[in-house]
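The values are calculated or read from the model by the stated rules, or taken from the named source; none is laboratory data. This is a predicted model, so every value here is computed, not measured. Virtual Cβ from ideal backbone geometry, glycine too; neighbours counted across all protein chains shown. The area values use the complete protein model at the heavy-atom level, side chains included, leaving out ligands, DNA and RNA. Shrake-Rupley method; radii C 1.70, N 1.55, O 1.52, S 1.80 Å.
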Amino acid sequence: MNPTDTTVGVRALTKRYGSRTALAALDLAAGPGVTGLLGPNGAGKTTLLRCLATTLAPDGGEIRLLGLDPADRAQRTELRRRLGYLPQDPGFYPHFTAFELVDYIAILKEMNDRRARHAEVRRVLAEVDLADRAATKVRKLSGGMKQRLAFAQTLLGDPELLILDEPTVGLDPEQRMRFRALVSRLGEGRTVLLSTHQTEDVAALCERVVVVGGGRAVFTGTPAGLAATAAGQVWLSERPPAGRQLFWRTADGRYRALGERPEGAEPAVPGVEDGYLLLLGDTAAVAA
Amino acid sequence: MNDTGAAPRPSGPAPWHLPADLAGRYAAGRLDPAQTMSVEAHLERCARCRAAIPADAGWLAASWERVADIVDRPRAGVAERLLCRCGVPQHLARLLTATPALSRAWLGSVAAVLAFAVLAGLASTFAVPVGRAGVLLAFLLLAPILPTAGIAAAYGTRVDPGHELQAATPMAGPRLLLLRALAVQVTAVTLTGLCAPFLPGPPGLVAAWVLPSLGLTAAVLALTRLVPVQPAAAGISACWAAAVLVYGGWADDLFAAFRPPAQALYAITALVLLPVLLTRYRRADHWRYR
Ligand SMILES: Nc1ncnc2c1ncn2[C@@H]1O[C@H](COP(=O)(O)OP(=O)(O)OP(=O)(O)O)[C@@H](O)[C@H]1O
Ligand SMILES: [Mg+2]
């Protein structure tokens, strides 16, 4: 990547919670477009995204976002004006209406003119298809609607940098498609960083993927590149493989196996998920 | 019924449409009410004439905007309207009154003040002066702690479920904390001031909590540069209580910490710290201690 295109630069980032190391010298570079973070539970994705969203101070390492350094107070405030953040676990005020909640965040984002702010709140609610729920109390929204509401507030003021922690959790298929369409549109010119456990989201949406494991970036590249790491290691067979390797029964009744070729199996086209699983299998083996 | 009222149904044999001059006069608002009603009755059923009415698209969009703004504008509560009436900008009034953590702090203040009032009522029925002195001392000791407790209940991950969502906004940090602290302080001082006259004791002593209250709040805010709000408030409050009791015991006067020499100290603390806080605090670096 051309260094001038880098909007997200992370070097040797570390974060410990007591004696537990959540980030162990993580390096990351990303430019405009959509970058997906994959990784098992506890890998450190949320910790990384919180550090980038300036809600958590790292113990060490360097961060540059949009050319700004969040460790510096003035630059951090400037950065906050230009980013939108969806936490993994957004706390809500249940007695607020959807409109009031987004309006409240908009005030915290220094949108002081009431007329303009309310117009912006209506715009972002419409973007996530919640315009007709503006007057509904948050506690009366369904789980997926709450998730969309939390996403709506990230769009306030059309920020240059979007940090989304598991944004597709709880969305129905139609809303998931809507989300993909919106994020890929936003990805033109803006920088979107999202974490997910959905490898399909990554394949469909992201031009870059970073696999986080054990507090480090263990893979950085394109989704196709991640899939290609599994080339020659994905198999389909009529009978369950005999060895201890990972396999599962697919919808057509055949068995998909990763790793060494089971007896009588034929090669299959690798996907992002295969690459991801094999990669983490390898890291697990290395760590053991 | 006049001529324009004879608008036939569009499904009729010879569809009738608004003549251009009539449409023009309607759009300019130059028809009498009866004519206007007939024209509108026709427009309701005829898309072609609707489209032909000369309309200012910008004006129309702005009108819809105004309608939508009124329809889903959040309802302003009593406190918000009161603040706006007092000249507080609408966004600040909303920020202060809509903050759930803050309303909890306010409720706490009201409860504490009610408790004081009841205690004060009881105290006047005590025949023994020791009981009255005890109530007064408890009041003087607790009144300055009230706002620090309110501030502790108003900011941070531990007490505010929406904190993570707000922490990434430019207002987060010292600006928001200072704003909420001011709101808590003003409320607490007002409420405590209302109940102070009912307490048994000379007026000077009954008002002796005001300066310590300001001093304690200033100290808590200053300490938040080093530790999160809750430990800061707890630490300062504990130090205050210990200092009052120890000094009172040592000086052999229960109220020693509220006599003029000590008051001068609080006044100096508040006078030195508050202006510094108000001008410099916005620029404090809070990243590590939220
Ligand atoms: N507030 C905290 N206090 C203590 N430990 C924490 C805290 N937050 C995270 N951790 C630990 O840090 C590590 C990384 O957690 P993190 O939440 O970043 O993982 P993640 O990749 O987001 O996982 P998931 O996919 O489950 O969301 C885990 O071991 C977790 O237990
Ligand atoms: Mg997470």
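Computed values, structure above
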quantity: Peptide A:134-140, shielding by other chains (average Cβ, 10 Å cutoff); calculated: 1
quantity: Ranked order, A:GLU110, B:GLU80 - accessible area, probe 1.4 Å, largest first; calculated: A:GLU110, B:GLU80
quantity: Global geometry of the stretch A:135-180, whether rounded, prolate or oblate, following the gyration tensor of its Cα atoms and the 1.5 cut on a/c; calculated: oblate
quantity: Potential lengthening between B:ALA241 and B:ALA52 on full extension [0.36 nm per residue; Cα-Cα distance subtracted]; calculated: 60.2 nm
quantity: Considering only the protein assembly as shown, percent of DSSP beta bridges that pair antiparallel, nearest 5; calculated: 60
quantity: Exercise: per-residue mean of other protein chain Cβ atoms within 10 Å, A:45-58; calculated: 3
quantity: Charge tally in the Cβ shell below 10 Å around A:THR196, where Lys, Arg are +1 and Asp, Glu are -1, A:THR196 excluded; calculated: -3
quantity: With all protein chains modelled, accessible area of A:GLU200 [1.4 Å, Å²]; calculated: 100
quantity: Theoretical gain in end-to-end length, A:ASP5 to A:ALA131 [0.36 nm per residue, Cα-Cα removed]; calculated: 41.8 nm
quantity: Cα-Cα separations in chain A greater than 31 Å, expressed as whole percent; calculated: 34
quantity: Accessible-area value, B:HIS42, 1.4 Å probe, nucleic acids and ligands omitted, Å²; calculated: 10
quantity: Charge-dipole axis of the stretch A:227-287 as Lys and Arg at +1 and Asp and Glu at -1 on Cβ define it, positive-most pick from A:VAL272, A:ALA251, A:GLY232; calculated: A:ALA251
quantity: Förster radius 45 Å - calculated FRET efficiency between A:SER184 and A:GLU238, Cβ distance, rounded to 0.05; calculated: 0.70
quantity: FRET E, pair A:ARG82, A:THR220, Förster distance 30 Å, beta-carbon r, rounded to 0.05; calculated: 0.80
quantity: Residue-normalised accessible area of the stretch B:79-283, expressed per residue, 1.4 Å probe, Å²; calculated: 44
quantity: Dipole magnitude of the stretch A:227-287, debye to nearest 20 (Cβ charges: Lys/Arg +1, Asp/Glu -1, about Cα centre); calculated: 160
quantity: Per-residue average of Cβ from other chains inside 10 Å of B:169-179; calculated: 5
quantity: Residue among A:GLY170, B:GLN166, A:VAL34 farthest towards the positive dipole end of the protein assembly as shown, charges placed on Cβ; calculated: B:GLN166
quantity: Sequence-separation-based contact order of chain A, relative, with Cα cut under 8 Å and 6+ spacing, percent; calculated: 20
quantity: DSSP-defined beta bridges in chain A - what % are antiparallel, rounded to 5; calculated: 60
quantity: Shape of chain B, Cα gyration tensor, a/c cut at 1.5; calculated: prolate
quantity: Nonlocal amide H pairs with A:LEU38, under 5 Å, H built at 1.01 Å; calculated: A:VAL210, A:VAL211, A:VAL212
quantity: Computed FRET value (nearest 0.05) for A:ASP172 with A:LYS140, which takes r as the C-beta separation and R₀ as 25 Å; calculated: 0.90
quantity: Area of A:LYS146 that stays accessible when all protein chains are in place (1.4 Å probe, Å², to 10); calculated: 60
quantity: Rounded, prolate or oblate (a/c below 1.5 giving rounded, otherwise prolate when a/b exceeds b/c) for the protein assembly as shown by Cα gyration tensor; calculated: oblate
quantity: Full-stretch length increase - B:VAL272, B:VAL186 - with 0.36 nm per residue and alpha-carbon distance subtracted; calculated: 29.1 nm
quantity: For the stretch B:37-98 and the stretch A:1-63, distance of Cα centres in Å; calculated: 44
quantity: Heavy-atom SASA rank of B:THR269, B:THR279 (probe 1.4 Å, accessible area, largest first); calculated: B:THR279, B:THR269
quantity: Mean Kyte hydropathy of 1.0 or more with a Cα span along the axis of at least 27 Å, helices from DSSP in chain B; calculated: B:100-125, B:174-195, B:229-251, B:260-280
quantity: Dipole moment magnitude, nearest 20 debye, chain A about Cα centre, only Lys, Arg, Asp, Glu C-beta charged; calculated: 860
quantity: Protein-only accessible surface order, largest first, of A:LYS137, A:LYS15 at 1.4 Å; calculated: A:LYS137, A:LYS15
quantity: For the stretch A:203-279 versus the stretch B:210-226, the gap between their alpha-carbon centres in whole angstrom; calculated: 59
quantity: Heavy-atom accessible surface of the stretch A:227-287: percent carbon and sulfur, 1.4 Å; calculated: 54
quantity: Separation of the A:ASP252 and B:GLU44 label points, Cα + 7 Å toward Cβ, nm; calculated: 6.1
quantity: Given charges at beta-carbon only (K, R positive; D, E negative), |dipole| of the stretch B:79-283 in Debye; calculated: 600
